[in-house]
Amino acid sequence: MFNARRITLGGLSCMVVDTQPSEDDKPELVAVFCHGFGAPGEDLVPLASEMVSINPELAGRTRFIFPAAPLSLEEFGIPGGRAWWPLDMIRLQAAIESGEFRDLRNECPELLPTARDHINSLLDEVREETGLPLSRIVLGGFSQGSMVMTDVTLRLPENPGALIIFSGTLLCEDQWRERAANRAGLKVVQSHGTTDQILPFQAAEWLRDLLTESGLEVDFLQFPGVHTIPYEALEKAAAVLGGVLSGER
């Protein structure tokens, strides 16, 4: 039975799921996953039980943390929805309906640094409380949440345990390219649907290529689907978490 509780970390409301028998038991691994635009803060919480089911080695040793993004979208007609930064929904919907290619390579959202600061503060608190190094902390997310975690990862002082990118895309290309070489050797799981209408598959390939060319070890999963997380991606993510637990580098 997992222990789930809501606490504040890095100024964010977080759902924390411990697979240890007691929340007083220190985890050997922490995995932090950020949700996508418009989702509630609890959107990715089911991933904890799904990945433990896929890889039972994670049970009793892993803590999962799911922070809620700081912005409420209540006033935009999305009850319970949250975001790491706002989007022009009219423009987005028009792009989806027209099939317009969304090239975000040169965009650096104004509130991305704020999101990054929240996650960095969260990581500082986690490390202080658990005593774990960054190498025992895996960062991941879906869509907008994966963009936040990619940005955080590329700016950390050292490699985290791994990076998991579910349906992400390339932002801040010049900045990310400049910093990516510092993450050489980092294991990355990246998945993307070939018919994604929200974040084009080609842009995911651009991100993959940037990371690969910089020396990161990217396991890229393309799947025949839309903007979602397929079971195969969870299998790869669970395997990477197990690898961090076993000390694989």
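Among 172-179, 232-239, 61-68, how do they line up from the highest to the lowest mean number of other beta-carbon atoms within 10 Å? Mind dumping the intermediate values first?
Numbers: 172-179: 15.6, 232-239: 19.5, 61-68: 24.5.
The most tightly packed comes first, giving 61-68, 232-239, 172-179.
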Quiz item: Considering the chain, which cysteines have no disulfide-compatible partner, defined as another cysteine with its Cβ under 4.7 Å away?
Solution: CYS14, CYS34
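Given the peptides 137-147, 189-199, 75-85, arrange them by the average over their residues of other C-beta atoms within 10 Å, most packed first.
Details: 137-147: 27.2, 189-199: 20.5, 75-85: 16.4.
Packing proxy ranking, top to bottom: 137-147, 189-199, 75-85.
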Exercise. Please give the calculated 222 nm ellipticity per residue for the chain, where each DSSP H segment of at least 4 residues contributes -39500 (n - 2.57) and the sum is spread over every residue; nearest 500 deg cm²/dmol?
Key: -11000 deg cm²/dmol
Quiz item: Along region 44-55, what does the Karplus equation 6.51 cos²θ - 1.76 cosθ + 1.60 (θ = phi - 60°) give for ³J(HN,Hα), rounded to whole Hz, x for Gly and Pro?
Solution: 9, 3, x, 4, 4, 5, 5, 6, 5, 5, 5, 10
Exercise. State the answer as a single residue: which of PHE37, ALA69, VAL226 lies farthest towards the positive end of the charge dipole of the chain, with beta carbon charges of +1 for Lys and Arg and -1 for Asp and Glu, about the Cα centre.
Key: ALA69
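Please state the shape class of region 174-215: rounded when a/c is under 1.5, otherwise prolate if a/b exceeds b/c and oblate if not, all from the C-alpha gyration tensor. List each step's numbers first, then the result.
Working: a/c = 3.22, a/b = 1.91, b/c = 1.69.
Prolate, because a/c is 1.5 or more and a/b exceeds b/c.
Read-outs: derived from the displayed coordinates by stated rules, not from any lab. Model, not experiment: these values are computed from the prediction. Every residue, glycine as well, gets a Cβ built from its backbone with ideal geometry; the counts of neighbours run over all protein chains shown.
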